[in-house]
Amino acid sequence: MAMFMIINRHRPEECEAGFKAYEEVKDKLNPAIKGATYYCPCPFGEHASWTPVEASSAEEALGYLWPEEREHSRAIQVETIQI
């Protein structure tokens, strides 16, 4: 398994709809993403989210998401570096 950062960008007016969609699917989330850390800078003006996950490929990582989240997302393979 490799580490991927799922990056989602959206418009400010899409924030509320995104949270509503999450509320509808949270009990059905793929176990690989359930409980993952979800970084949300929206309150500070950057409308996006970043979620680190383990997956075999970028396609698999994106497959963890619900359809509305997936359409504005990409997954980039990353490595962790201690500084």
Inset, instruction - Could you grab me the full set of residues in the range 60-83 that are under 12 Å from Met5 (Cα atoms) and exposed (fewer than 11 other Cβ atoms within 10 Å of the Cβ)? - result: Glu79, Thr80
Inset, instruction - Could you tell me which residue of the range 34-59 is surrounded by the fewest Cβ atoms within 10 Å (Cβ to Cβ), considering only residues that are small (Gly, Ala, Ser) and closer than 19 Å to Ala17 by Cβ? - result: Gly45
Inset, instruction - Tell me, yes or no, whether the range 27-44 has at least one residue that is hydroxyl-bearing (Ser, Thr, Tyr) and either touching a Gly at 6+ places or on another chain (Cβ under 8 Å) or in contact (Cβ under 8 Å) with a residue 24 or more places away in the chain (or both). - result: no
Inset, instruction - Select from the range 60-75 the residues that are in contact with a helix residue (DSSP H, G or I) (Cβ under 7 Å, 6 or more places away or on another chain) and more than 18 Å from Lys20 (Cα to Cα) and list them in ascending order. - result: Leu62, Ala75
Inset, instruction - Check the range 37-55 and report whether any residue there is in a loop (DSSP other than H, G, I, E, B) and touching a Cys at 6+ places or on another chain (Cβ under 7 Å). - result: yes
Inset, instruction - Could you tell me whether any residue of the range 50-69 is in contact (Cβ under 8 Å) with a residue 60 or more places away in the chain and closer than 20 Å to Lys26 by Cβ? - result: yes
Inset, instruction - Just give me the residues in the range 64-81 being in a helix (DSSP H, G or I) and either polar (S, T, N, Q) or out of contact with any strand residue (DSSP E or B) (no Cβ under 8 Å at 6 or more places or on another chain) (or both), in sequence order. - result: Pro67, Glu68, Arg70
Inset, instruction - Could you tell me whether the range 2-16 includes any residue that is part of a helix (DSSP H, G or I) and surrounded by 14 or more Cβ atoms within 10 Å (Cβ to Cβ)? - result: yes
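Any read-out appearing in this document is the output of simple, stated calculations on the displayed coordinates, not a laboratory observation. Please read these numbers as outputs of a predicted model, since none were measured by experiment. Note that each Cβ is placed from the backbone with ideal geometry, even for glycine, and that neighbours are counted across all protein chains shown.
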